[in-house]
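*Asks:* The structure that follows is given in the form of structure tokens.
The values are calculated or read from the model by the stated rules, or taken from the named source; none is laboratory data. Computed from a predicted model, the values in this text were never measured in an experiment. Cβ placement follows ideal geometry from the backbone for every residue including glycine, while neighbour counts extend to all protein chains displayed.
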There are 4 protein chains.
Amino acid sequence: MIKVGIIGSTGYAGQELVRILLGHKEAEIKWYGSRTYADMPYASVFQNMFQLVPDICKGEDMEKLCEEVDVIFTATPQGLCSTLVNEDILSKVKIIDLSADFRIKDVDTYEKWYGIKHGSPQFIKEAVYGLCEINREDVKKARLVANPGCYPTCSFLSIYPLAKAGVIDMKSVIIDAKSGTSGAGRGAKTANLYCEVNESIKAYGVTTHRHTPEIEEQLSYASGEEAIINFTPHLVPMNRGILVTAYASLTKDISAEEIRQIYVDAYKEETFVRVLDEGICPETRWVEGSNYVDVNVKKDERTGRVIMMGAMDNLVKGAAGQAVQNMNLMFGLKETEGLLMPPVFP
Amino acid sequence: MIKVGIIGSTGYAGQELVRILLGHKEAEIKWYGSRTYADMPYASVFQNMFQLVPDICKGEDMEKLCEEVDVIFTATPQGLCSTLVNEDILSKVKIIDLSADFRIKDVDTYEKWYGIKHGSPQFIKEAVYGLCEINREDVKKARLVANPGCYPTCSFLSIYPLAKAGVIDMKSVIIDAKSGTSGAGRGAKTANLYCEVNESIKAYGVTTHRHTPEIEEQLSYASGEEAIINFTPHLVPMNRGILVTAYASLTKDISAEEIRQIYVDAYKEETFVRVLDEGICPETRWVEGSNYVDVNVKKDERTGRVIMMGAMDNLVKGAAGQAVQNMNLMFGLKETEGLLMPPVFP
Amino acid sequence: MIKVGIIGSTGYAGQELVRILLGHKEAEIKWYGSRTYADMPYASVFQNMFQLVPDICKGEDMEKLCEEVDVIFTATPQGLCSTLVNEDILSKVKIIDLSADFRIKDVDTYEKWYGIKHGSPQFIKEAVYGLCEINREDVKKARLVANPGCYPTCSFLSIYPLAKAGVIDMKSVIIDAKSGTSGAGRGAKTANLYCEVNESIKAYGVTTHRHTPEIEEQLSYASGEEAIINFTPHLVPMNRGILVTAYASLTKDISAEEIRQIYVDAYKEETFVRVLDEGICPETRWVEGSNYVDVNVKKDERTGRVIMMGAMDNLVKGAAGQAVQNMNLMFGLKETEGLLMPPVFP
Amino acid sequence: MIKVGIIGSTGYAGQELVRILLGHKEAEIKWYGSRTYADMPYASVFQNMFQLVPDICKGEDMEKLCEEVDVIFTATPQGLCSTLVNEDILSKVKIIDLSADFRIKDVDTYEKWYGIKHGSPQFIKEAVYGLCEINREDVKKARLVANPGCYPTCSFLSIYPLAKAGVIDMKSVIIDAKSGTSGAGRGAKTANLYCEVNESIKAYGVTTHRHTPEIEEQLSYASGEEAIINFTPHLVPMNRGILVTAYASLTKDISAEEIRQIYVDAYKEETFVRVLDEGICPETRWVEGSNYVDVNVKKDERTGRVIMMGAMDNLVKGAAGQAVQNMNLMFGLKETEGLLMPPVFP
């Protein structure tokens, strides 16, 4: 039984980790960390866990925590994990960081887009970017995994097959993404109140969203050329879900059938990436509560572009589900353990 | 492995049965029945099941179906199950009927409130009302189970302890219930369009809703006296969930602590009924996607009434979850098998 | 042209006052008061007012304000208005207080339910309870109007005809009310975040909600006997709207037709109270954005009770609209001026 | 007083026409046409109009209707208006067609994208495309106005200034649009049920949506070169609102300030197009219920593209409001008459 500690267990992603791990046969949570709710019953913060989680929230003492568990998930704001981690800790436990601290290989890029100084740049190189479908073998050997961002996961998996195949112009990629509101976190901000979000849609972080360099870096690796993209996120009045609609210009004369085949081939061994039937567009309602990502592609003969689409649950495959998938890989478990719950509809 | 057939698998309750049974270790679905979508892939109707359910929908041929499975769930409109069932079928398979056909013991009451003639009154007496927490032992021996209605399940479990204890006036009970829109089914009606339901709340079926006699009958059994109640359902702009707020006059001088203790005692052995801590009101968000019913009670010293509250997921404990719980009992399985998924939040 | 000042113009009710007054032919807003947003452009707080309101928010200096305007609306938390008002101010301007400070005639009751000391009890007697349909003549002469609460307005107007007619037991009244989330205000609280409210319904303030004594007092006046009631509010995932479902036992042998006629007669001169056709239940979607209250009643022959129902927009008839209706009466204008906008659907 | 007839008054756009015209000082509705609800009280279809509209719905007899009114609005499915209109009718009344029949000048393009034969191609040339801000003078003289589509209005007004200025590549334009569900109409379809739309977002009509050629045609006129674009609409779980996020490559070396100035200059005389302050993104909540379109633009120095954004209410500026604006122009009234209601928030 793998012993698990969660730092930041009382955010939305942290709570989703709890939900998933309660159904995981090989792991048990030993430490519910929370700065805000330390010493309070976990179930008083998330009443859905009443009678299911009798534990009391603890603080964020990583030195102590690393003695008691095998793996630590940090579902915390940017900058925290990188200041807590050190060689001693890494020698004792595996760490899966759900923040952005170790996602970007170039420390200058990180510091520029995030506006903070990196707390432990010496571990950036070692950290494995935990997009399981791409870096599976490296994850298996990792001590420190940088769990990908929600937008990057959905964006990258939607575009990856054509980027890898070298048939799209990596300077032409435009990603128009839409997210449910749980992605904004559980902090009490006026902008996230029910009446402010409900019955509205808006773009935000236009040209400046921090997930941009993460996506660019991964697309550059996949394509072997420098990707410079537009990424525009939008806030949608729903709890969960991310939808990506991405556009790119084709650089090769290639048929719609060939394009689709590239997707089918790319993901034919993957459990969690579902290439939908021709003509079916991904919809977030069909993946809610699950670790699946639904993708599809359409060629526009008139404009010479492809429209690449993906839908997933931002809290599962976009955060906690992928983190558990990484844990499974790191500990030699079945990759799908605890993650096969079907999507909940409606 | 129990072989399962579902008639009406393409409604919301039918699909929820599929979702739950996909995670059930002792059952497998052999027949996805659907009048509307016969011969179409199940996953083309519910895209969340893409790659999870490769089956094609079949029709509603119960004669054939009863040769192929061990248990049939009928998640169909009122009146269908009672016309399909017969002694030959019941001798071959167990039936769990999610419609109202066998819930009400008095056939005249059924025919008056439902406005249709009962198709097989000879089986009413045999049928067991499948509220597992109350009729557990009878369910275990049943061939034919009448799965309770969603409103009756939540209403009854919220009121049952005090009705049973004989401390409330059974003529004073008023149930004000609120339901998410999945309770209205998947039929294409203008009244259930997004723009008609969203941003609104309404009462409906005031004084005439068909769940009224079902609740009265069960409350009468529990209290040993005739219950005549007001039941008012409301439509709420959300997908899932039922909240019951019930009122009754106390007939005994009894303290708030004693009242709460009656609840605690009544459900202390129950996995799926959670008596919340003092002062915590049930909320539907905390049970979504799960088989739990959260209940609590508050005494009003000023008016001499109690306010009894309950929250559950109408598609799980109010339909498919309870149906599987009944199946587990009927086949001697662990009662909770397949039903322990934690509530999904947010 | 009446010159208007608003204290608390940057809450939801304050902003609704602005929206309504922008369409009012006889009034113009001279002072947009806001503690939180003082010195900021009003339209930067509420972007819908971009180019429509060029004003900068001012503070809450009532001494200065009363020199510049004819009427002050205080859309502020409980306790503020009563500490700001004094004889000098009242000699210069009329005040319409949207808080609860002057609604309850018994100061002990106020202090007990609200848990604060009243700041100026000497004005309670003078203050007129501004339920226009009931106290129209008194409002016309008032210097200080206590604008009714949202729940009380909808509850009272739903029950008033039968209370006045003396045909219901005023100790049997149970009010089960449901409100949209704008009623919770614009403060940044976790409980009011989108993901916490969306897809859920809950009761709150059970047996203890502060609107209880306000409703009881008004129902007691109307019926001439002491009303002691149960009032249970619920939070609904929608922006606007209040629905009241109220229950009471009949004390007289009276037919359904006679009951309906009492409603028709009670409101036949009223523009803003619409008695719906027989059998039509009020729904909040049909009053959104307007000053109308839709009411109806149903007799239950089985239980001897009536179900009285009302729907209105909590921000309009429940707050800003009624406040403007009071202003119109106080200044001798047409009562409906600025208030005849039809409900917005969908 | 202008006498108005509405064919299709019981759809969402038709009902919005009614709401707006009830507040219009110079127009009165004489004919509430409806195929589905003929002979039923209008207020029984839209209960918000109870006591405000006492009229009974009539049929669609245009021959009779044109004798009784000055202007006919056709808020009907594609293909109906073009089969009803003829020279005799046009000699008697003005027609404002809210369908697509007369929007596209090239009849082949119309027939190809809409898949139906045009009923009266002889009037296409005469018909004026009623985008008031662009074709104001022509609208004033028109007998037949083609009211623009919702997506085209928002898309075009968001892009127009830069297209007109000749600084963007008209082959690089990508429009990613998001619409509330009222745009899907009031027909009873499973896909538009509450539970199907709620908590989800999807793209639809990818590369094939019928508004594509309409947008291309208008952008081509504005820019003086052939525009070939990608247009991808999405369905958002909200009642009203369209948000456009459009991308294009700059063809000139032009600063962010100059780009913004082009917008400011383009719309400086327009009441209904609001160019937001620098850095403020349009949000649909700020325009709901109003005739305003909020636009803004952002230059991305990294990619050499501009992101052009617009938000409006699809039922107002995207349908009924713009239709009334056209009526005002056609009859020599103040262009803003009946249209200055502020946006409703929240």
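*Asks:* Select, from D:Gly79, D:Gly23, D:Gly59, the only residue that is surrounded by fewer than 20 Cβ atoms within 10 Å (Cβ to Cβ) and within 12 Å of another protein chain (Cβ to nearest Cβ). Can you show your working first?
*Replies:* Working: D:Gly79 fails: within 12 Å of another protein chain (Cβ to nearest Cβ); D:Gly59 fails: within 12 Å of another protein chain (Cβ to nearest Cβ).
The conditions single out D:Gly23.
*Asks:* Given the condition assigned to a loop (DSSP other than H, G, I, E, B) and of a type outside the set (Val, Ile, Thr), answer yes or no: does some residue in region B:260-268 qualify?
*Replies:* So in region B:260-268, the residues assigned to a loop (DSSP other than H, G, I, E, B) come out as B:267-268.
Narrowing further to those that are of a type outside the set (Val, Ile, Thr): B:267-268.
The answer is yes, given that some residue of region B:260-268 is assigned to a loop (DSSP other than H, G, I, E, B) and of a type outside the set (Val, Ile, Thr).
*Asks:* A further question on this structure: Look at region B:292-306 and say how many of its residues are of a type in the set (Ser, Thr, Tyr) and either more than 9 Å from chain C (Cβ to nearest Cβ) or within 21 Å of the chain's Cα centre (by Cα) (or both). Let's see the steps before the verdict.
*Replies:* Here is the first cut: in region B:292-306, the residues of a type in the set (Ser, Thr, Tyr) are B:292, B:303.
Within this subset, residues satisfying the condition of being either more than 9 Å from chain C (Cβ to nearest Cβ) or within 21 Å of the chain's Cα centre (by Cα) (or both) are B:292.
Going through region B:292-306 one residue at a time, the tally reaches 1.
*Asks:* If we scan region B:8-19, do we find a residue that is buried (at least 20 other Cβ atoms within 10 Å of the Cβ), more than 14 Å from chain A (Cβ to nearest Cβ) and within 19 Å of the chain's Cα centre (by Cα)?
*Replies:* Restricting attention to region B:8-19, the residues satisfying the condition of being buried (at least 20 other Cβ atoms within 10 Å of the Cβ) are B:8-19.
Within this subset, residues satisfying the condition of being more than 14 Å from chain A (Cβ to nearest Cβ) are B:8.
This time we only want the ones that are within 19 Å of the chain's Cα centre (by Cα), so: B:8.
Checked region B:8-19: at least one residue is buried (at least 20 other Cβ atoms within 10 Å of the Cβ), more than 14 Å from chain A (Cβ to nearest Cβ) and within 19 Å of the chain's Cα centre (by Cα).
*Asks:* Here's another thing I want to ask about it. Could you check region A:254-269 and list, in sequence order, the residues that are within 12 Å of another protein chain (Cβ to nearest Cβ) and loosely packed, with under 15 Cβ neighbours inside 10 Å? Quick ask: steps written out before the conclusion?
*Replies:* Going residue by residue through region A:254-269, those that are within 12 Å of another protein chain (Cβ to nearest Cβ) are A:256, A:267-268.
Passing the criteria: A:Ala256, A:Lys268.
*Asks:* Going through region A:2-43 one residue at a time, which ones are touching a residue at least 60 places away in the same chain (Cβ under 8 Å) and in a strand (DSSP E or B)?
*Replies:* Once the filter is applied, which keeps residues that are touching a residue at least 60 places away in the same chain (Cβ under 8 Å) and in a strand (DSSP E or B), region A:2-43 yields A:Ile2, A:Lys3, A:Val4, A:Gly5, A:Ile6, A:Ile7, A:Ala27.
*Asks:* Looking at (1) out of contact with any Gly (no Cβ under 9 Å at 6 or more places or on another chain); (2) farther than 30 Å from A:Lys202 by Cα; (3) not aromatic (Phe, Trp, Tyr), find the lone condition where A:Gln218 falls short.
*Replies:* It fails just one condition, (2).
*Asks:* Considering only residues of region D:185-210 that are farther than 28 Å from B:Asn314 by Cα and surrounded by fewer than 24 Cβ atoms within 10 Å (Cβ to Cβ), which is farthest from the other protein chains (Cβ to nearest Cβ)? If you could, list the steps in order and put the result at the bottom.
*Replies:* The first filter runs over region D:185-210 and keeps only residues farther than 28 Å from B:Asn314 by Cα, leaving D:185, D:203-210.
Imposing the further condition that a residue be surrounded by fewer than 24 Cβ atoms within 10 Å (Cβ to Cβ) reduces the set to D:185, D:204-210.
Values: D:Gly185: 9, D:Tyr204: 6, D:Gly205: 9, D:Val206: 5, D:Thr207: 4, D:Thr208: 9, D:His209: 11, D:Arg210: 14 Å.
Restricting to residues being farther than 28 Å from B:Asn314 by Cα and surrounded by fewer than 24 Cβ atoms within 10 Å (Cβ to Cβ), the top hit is D:Arg210.
*Asks:* Considering region A:315-333 alone, what residues qualify as being surrounded by fewer than 24 Cβ atoms within 10 Å (Cβ to Cβ) and either modelled with pLDDT under 95 or closer than 21 Å to A:Pro148 by Cβ (or both)?
*Replies:* First, pick out the residues of region A:315-333 that are surrounded by fewer than 24 Cβ atoms within 10 Å (Cβ to Cβ): A:328-333.
Once the filter is applied, which keeps residues that are surrounded by fewer than 24 Cβ atoms within 10 Å (Cβ to Cβ) and either modelled with pLDDT under 95 or closer than 21 Å to A:Pro148 by Cβ (or both), region A:315-333 yields A:Asn328, A:Leu329, A:Met330, A:Phe331, A:Leu333.
*Asks:* Criterion first (touching a residue at least 40 places away in the same chain (Cβ under 8 Å) and closer than 22 Å to B:Ala311 by Cα) does B:Tyr114 satisfy it?
*Replies:* On the way: touching a residue at least 40 places away in the same chain (Cβ under 8 Å): yes; closer than 22 Å to B:Ala311 by Cα: no.
Answer is no for this residue.
*Asks:* Against the definition (charged (D, E, K, R) and either in a loop (DSSP other than H, G, I, E, B) or surrounded by fewer than 24 Cβ atoms within 10 Å (Cβ to Cβ) (or both)), how does C:Asp88 come out, yes or no? It would help to see each step written out before you state the result.
*Replies:* Details: charged (D, E, K, R): yes; either in a loop (DSSP other than H, G, I, E, B) or surrounded by fewer than 24 Cβ atoms within 10 Å (Cβ to Cβ) (or both): yes.
It is true that C:Asp88 is charged (D, E, K, R) and either in a loop (DSSP other than H, G, I, E, B) or surrounded by fewer than 24 Cβ atoms within 10 Å (Cβ to Cβ) (or both).
*Asks:* Determine whether region C:58-75 contains at least one residue that is aromatic (Phe, Trp, Tyr) and either part of a strand (DSSP E or B) or free of Cβ contacts under 8 Å to residues at least 40 places away in the same chain (or both). Spell out how you get there, then give the answer.
*Replies:* Kept after step one, since they are aromatic (Phe, Trp, Tyr), are these residues of region C:58-75: C:73.
From what is left, the residues that are either part of a strand (DSSP E or B) or free of Cβ contacts under 8 Å to residues at least 40 places away in the same chain (or both) are C:73.
So far as region C:58-75 goes, yes, one or more of its residues are aromatic (Phe, Trp, Tyr) and either part of a strand (DSSP E or B) or free of Cβ contacts under 8 Å to residues at least 40 places away in the same chain (or both).
*Asks:* What are the residues in region B:239-290 that are within 18 Å of the chain's Cα centre (by Cα) and of a type in the set (A, V, I, L, M), if any?
*Replies:* Of everything in region B:239-290, those that are within 18 Å of the chain's Cα centre (by Cα) and of a type in the set (A, V, I, L, M) turn out to be B:Ile242, B:Leu243, B:Val244, B:Ala246, B:Val273, B:Val287.
*Asks:* Would you call D:Glu226 outside any loop (DSSP other than H, G, I, E, B) and modelled with pLDDT of 95 or more? Working first, answer last.
*Replies:* Numbers: outside any loop (DSSP other than H, G, I, E, B): no; modelled with pLDDT of 95 or more: yes.
Spelling it out, it is not the case that D:Glu226 is outside any loop (DSSP other than H, G, I, E, B) and modelled with pLDDT of 95 or more.
*Asks:* Right, here's the next one. Considering A:Ile175, A:Ile228, which residue is more than 9 Å from chain D (Cβ to nearest Cβ), under 26 Å from A:Lys112 (Cα atoms) and either of a type in the set (Val, Ile, Thr) or in contact with a Gly (Cβ under 8 Å, 6 or more places away or on another chain) (or both)? Break it down stepwise before answering.
*Replies:* Details: A:Ile228 fails: more than 9 Å from chain D (Cβ to nearest Cβ).
After ruling out the rest, the residue left standing is A:Ile175.
*Asks:* Kindly indicate whether D:Glu278 is closer than 28 Å to A:Tyr194 by Cα and in a loop (DSSP other than H, G, I, E, B).
*Replies:* Details: closer than 28 Å to A:Tyr194 by Cα: yes; in a loop (DSSP other than H, G, I, E, B): yes.
So D:Glu278 passes the test.
*Asks:* Next question, about the same structure. Looking at D:Gln47, D:Gln51, can you tell me which residue is among the polar types (S, T, N, Q), buried (at least 16 other Cβ atoms within 10 Å of the Cβ) and under 30 Å from C:Gly23 (Cα atoms)? Quick ask: steps written out before the conclusion?
*Replies:* On the way: D:Gln51 fails: buried (at least 16 other Cβ atoms within 10 Å of the Cβ).
None of the other options fit; the residue is D:Gln47.
*Asks:* Follow-up. Considering region B:294-314 alone, what residues qualify as being buried (at least 24 other Cβ atoms within 10 Å of the Cβ) and touching a Cys at 6+ places or on another chain (Cβ under 8 Å)?
*Replies:* Within region B:294-314, B:Met309, B:Gly310, B:Ala311, B:Met312, B:Asn314 meet the criteria.
*Asks:* Would you check if there is a residue in region B:148-167 being in contact with a Leu (Cβ under 6 Å, 6 or more places away or on another chain), closer than 30 Å to D:Lys189 by Cα and modelled with pLDDT of 95 or more?
*Replies:* yes
*Asks:* Taking B:Cys154, is it buried (at least 24 other Cβ atoms within 10 Å of the Cβ) and within 14 Å of chain C (Cβ to nearest Cβ)? Can you show your working first?
*Replies:* Working: buried (at least 24 other Cβ atoms within 10 Å of the Cβ): yes; within 14 Å of chain C (Cβ to nearest Cβ): yes.
Yes, satisfied.
*Asks:* Among the numbered criteria (1) among the β-branched types (Val, Ile, Thr); (2) more than 19 Å from the chain's Cα centre (by Cα); (3) under 18 Å from A:His209 (Cβ atoms); (4) crowded, with 17+ Cβ neighbours inside 10 Å, which one does A:Thr109 miss?
*Replies:* With respect to (1) among the β-branched types (Val, Ile, Thr); (2) more than 19 Å from the chain's Cα centre (by Cα); (3) under 18 Å from A:His209 (Cβ atoms); (4) crowded, with 17+ Cβ neighbours inside 10 Å, A:Thr109 is out only on (4).
*Asks:* For region B:307-325, enumerate the residues that are more than 10 Å from every other protein chain (Cβ to nearest Cβ) and over 22 Å from A:Gly23 (Cα atoms).
*Replies:* Matches in region B:307-325: B:Met308, B:Gly310, B:Asn314, B:Gly318, B:Ala319.
Let's see how each residue does on (1) modelled with pLDDT of 95 or more; (2) closer than 23 Å to C:Pro343 by Cβ:
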| residue | (1), (2) |
| --- | --- |
| D:Ala13 | yes, yes |
| D:Glu28 | yes, yes |
| D:Met40 | yes, yes |
| D:Leu52 | yes, yes |
| D:Ile72 | yes, no |
| D:Gly79 | no, no |
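*Asks:* If I ask for residues that are in a loop (DSSP other than H, G, I, E, B) and touching an Asp or Glu at 6+ places or on another chain (Cβ under 7 Å), which ones from region B:281-311 would you list? So that I can check it myself, show each step before the final result.
*Replies:* We begin by selecting, within region B:281-311, every residue in a loop (DSSP other than H, G, I, E, B); these are B:281-282, B:287-292, B:301-304.
B:Pro282, B:Val287, B:Glu288, B:Gly289, B:Ser290, listed by residue number.
*Asks:* Here's something else I'd like to know. Filter region C:213-232 for residues that are in contact (Cβ under 8 Å) with a residue 60 or more places away in the chain, crowded, with 24+ Cβ neighbours inside 10 Å and not acidic (Asp, Glu) and give the result. Even if it seems obvious, please write down each step before you answer.
*Replies:* Restricting attention to region C:213-232, the residues satisfying the condition of being in contact (Cβ under 8 Å) with a residue 60 or more places away in the chain are C:213-215, C:217-219, C:222-223, C:227, C:231.
If we keep only those that are crowded, with 24+ Cβ neighbours inside 10 Å as well, we get C:214-215, C:218-219, C:231.
Scanning region C:213-232 gives C:Ile215, C:Gln218, C:Leu219, C:Phe231.
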